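Peer 1: One structure, as structure tokens, below. Some questions next.
Read-outs: derived from the displayed coordinates by stated rules, not from any lab. The shown structure was predicted, so the numbers you read here are calculated from the model rather than taken from an experiment. Here the Cβ positions follow ideal geometry from the backbone for every residue, glycine too, while neighbour counts run over all protein chains shown.
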Amino acid sequence: MRLFGLNDFLFILSATRWTILLSLLAFALGGLLGAVIAVLRISRFSAVRLAAASYVQLFQGTPLLMQLFLIYYGLSLFGLRLDAWTAVTIAYTIYAAAFLGDIWRGCIQAIPKEQWEASRALALGYAHQLFLVIMPQAVRIAIPPTVGFLVQLVKATAVASIIGFVELTRAGQLMTNATFQPMIVYPIVAVLYLSLCWPLSVWAQHLEKRFRVENVMGRRK
Amino acid sequence: MTYVFQFGIVFDRFPELLEGALLTIRLAAMALVLGLIVAVTCAYLRMSGPKPLRVLVGAYVEGIRNTPFLVQLYIIFFSLPGMGIRMDANQAALVGMVINFGAYATEIVRAGVQSVPAGQIEVGLALGLKRLQIYRFIVLFPAIKAVFPALASQFILLLLGSSVVSAISANELTAIANTLQSTTFRAFEVYIVVTLMYLAIAVAFRGLFAALYWCVFVRGRER
């Protein structure tokens, strides 16, 4: 039996970059798709709204693990040979888009109706209303919950270890298999996740508090 | 495309999947009840308990909320036996789900309690009630009412998240699906059916919670 040493720790530590990279990739791509979903959900056409809402319902109403399995094992049956990175990136992009789309729709709808009416009165077209008047205000509201979701996303990447994608959790598993010391390995893995997520959580709370203060001050004016 | 779908194989083994779904529902329901007990207790301790307990509950809540559920399961199932705490996979899954849901629900219940107007608590004090009595008889009911939707969606997240307990060999719906997949080699069919089963369970629970809200908080008030 091998003792858990510095090299094993460094192996786990270096696997953290895959967790970070996957989170960032899913956040960037999922953010793009999520923005589209959010805009579609406030569309004037009810069929478009329904389609976007169904997308959100479908991916928020089914387990992430199932989505991973379907993409990883499922698509290969259609002759699409996906390597682990592509499959996992697609799955997490879809997953992040469902949640971000829903969060951002809420933020867009939180902007008072008068803003739409006022910009309409100034003869702005729909795209101008949305991108010049509504969005700049909605983005400010959206920042705290978006940072909060980033925590959820980092934690969700752990599930990718189940289909064999090597990131922080999978590296922990590999080291457990090599050293037979789960008592040391898994708490270390947990602490590494904590050091990724905790600052983000604190930041999200801070942003939320600051926003609430600004909101109250703004109302007093 | 040359692939031919064969759902027949999956439906032949449907009773096994149903059994797995039943265990998923049972685990989630038990975790809901036990987790709520943990949450109501911890929310009280975090707000009105002695300082060391307050810090301890805070550490529990933040520790759980900032680490993945899967890693928590691994610690419970693989690390704890080293300290002499042993349980089978299904028990470990339940313990993990209770601890996880309890932490999230603690924060939600706390937010609910803080939404109760201070005047109501002062009324309780004026009536000579003790702190615990005020919490139990005055604060808790409107607090849960205020955060009921948040608790319901957190529960749905727990239900869907429970599919990862298959990774520690608990034999719930996902685990049954994995077995089926490896014996029939019909991965896509199996996982599509199981995904739809999860969707159906989630939708059913959402309906159940809406009905529960109406029965307890809407109709109960009219009487």
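Peer 1: Mind listing just one residue for me: the one in the stretch B:93-138 that is over 22 Å from the mean Cα position of the chain (by Cα) and small (Gly, Ala, Ser) and, of those, surrounded by the most Cβ atoms within 10 Å (Cβ to Cβ)?
Peer 2: Checked the stretch B:93-138; the qualifying residue surrounded by the most Cβ atoms within 10 Å (Cβ to Cβ) is B:GLY124.
Peer 1: Another one. So which residues in the stretch A:1-16 are touching a helix residue (DSSP H, G or I) at 6+ places or on another chain (Cβ under 9 Å) and either of a type in the set (Lys, Arg) or in a helix (DSSP H, G or I) (or both)?
Peer 2: Passing the criteria: A:ARG2, A:ASP8, A:PHE9, A:PHE11, A:ILE12, A:LEU13, A:SER14, A:ALA15, A:THR16.
Peer 1: Oh, and also: For the stretch B:44-95, enumerate the residues that are more than 14 Å from chain A (Cβ to nearest Cβ) and in a loop (DSSP other than H, G, I, E, B).
Peer 2: B:GLY49, B:PRO50, B:MET87, B:ASP88
Peer 1: Just to be sure before I move on: is A:SER43 surrounded by fewer than 15 Cβ atoms within 10 Å (Cβ to Cβ) and either among the polar types (S, T, N, Q) or touching a Cys at 6+ places or on another chain (Cβ under 8 Å) (or both) in the structure I sent?
Peer 2: yes
Peer 1: I would also like to ask the following. Looking at the stretch A:158-173 only, could you name the residues that are at the interface with chain B (Cβ under 10 Å from one of its Cβ atoms), closer than 11 Å to A:TRP18 by Cα and either among the β-branched types (Val, Ile, Thr) or not in a helix (DSSP H, G or I) (or both)?
Peer 2: A:THR169
Peer 1: Here is a follow-up. Starting from residues that are more than 7 Å from chain B (Cβ to nearest Cβ) and free of Cβ contacts under 8 Å to residues at least 12 places away in the same chain, keep the ones in the stretch A:177-200 and report whichever is surrounded by the most Cβ atoms within 10 Å (Cβ to Cβ).
Peer 2: A:VAL191
Peer 1: Further question on the same structure: Within the stretch B:27-72, count every residue that is closer than 27 Å to A:GLN173 by Cβ and surrounded by 15 or more Cβ atoms within 10 Å (Cβ to Cβ).
Peer 2: 17
Peer 1: Another question, then. Among the helices (runs of 4 or more DSSP H) confined wholly to the stretch A:48-130, which include 1 or more residues that are within 14 Å of chain B (Cβ to nearest Cβ)?
Peer 2: Qualifying helices (runs of 4 or more DSSP H): A:64-69, A:84-109.
Peer 1: Could you tell me which of the residues A:LEU70, A:LEU58, A:LEU50 is among the aliphatic types (A, V, I, L, M) and in contact with a Phe, Trp or Tyr (Cβ under 7 Å, 6 or more places away or on another chain)?
Peer 2: The match here is A:LEU70.
Peer 1: State the number of residues belonging to the stretch B:119-157 that are among the aliphatic types (A, V, I, L, M), over 16 Å from B:ARG206 (Cα atoms) and touching a residue at least 40 places away in the same chain (Cβ under 8 Å).
Peer 2: Summing the residues that are among the aliphatic types (A, V, I, L, M), over 16 Å from B:ARG206 (Cα atoms) and touching a residue at least 40 places away in the same chain (Cβ under 8 Å) in the stretch B:119-157 gives 2.
Peer 1: When both residues are 6+ apart or on different chains and their Cβ atoms are under 6 Å apart, which pairs have a first residue that lies in the stretch B:181-202 and is more than 17 Å from A:PHE78 (Cβ to Cβ) and more than 9 Å from chain A (Cβ to nearest Cβ), and a second that is β-branched (Val, Ile, Thr) and part of a helix (DSSP H, G or I)?
Peer 2: Here the result reads B:THR184/B:ILE9; B:VAL193/B:VAL10, each pair linking the stretch B:181-202 to a residue that is β-branched (Val, Ile, Thr) and part of a helix (DSSP H, G or I).
Peer 1: Here's another thing I want to ask about it. Return only the number of the condition from (1) within 14 Å of chain A (Cβ to nearest Cβ); (2) more than 20 Å from B:ILE37 (Cα to Cα); (3) over 18 Å from the mean Cα position of the chain (by Cα) that B:ALA211 does not satisfy.
Peer 2: Result: B:ALA211 passes all but (1).
Peer 1: A further question on this structure: When you go through (1) farther than 21 Å from B:ALA211 by Cβ; (2) within 14 Å of chain A (Cβ to nearest Cβ); (3) in contact (Cβ under 8 Å) with a residue 12 or more places away in the chain; (4) in contact with a Ser or Thr (Cβ under 8 Å, 6 or more places away or on another chain) one by one for B:SER169, which number turns out not to apply?
Peer 2: (4)
Peer 1: Let me confirm something: among B:GLU172, B:GLU189, which residue is over 25 Å from the mean Cα position of the chain (by Cα) and buried (at least 18 other Cβ atoms within 10 Å of the Cβ)?
Peer 2: On inspection, the qualifying residue turns out to be B:GLU189.
Peer 1: Got a sec? Which of A:ILE37, A:ILE94 is under 18 Å from the mean Cα position of the chain (by Cα) and surrounded by 22 or more Cβ atoms within 10 Å (Cβ to Cβ)?
Peer 2: Among A:ILE37, A:ILE94, only A:ILE37 is under 18 Å from the mean Cα position of the chain (by Cα) and surrounded by 22 or more Cβ atoms within 10 Å (Cβ to Cβ).
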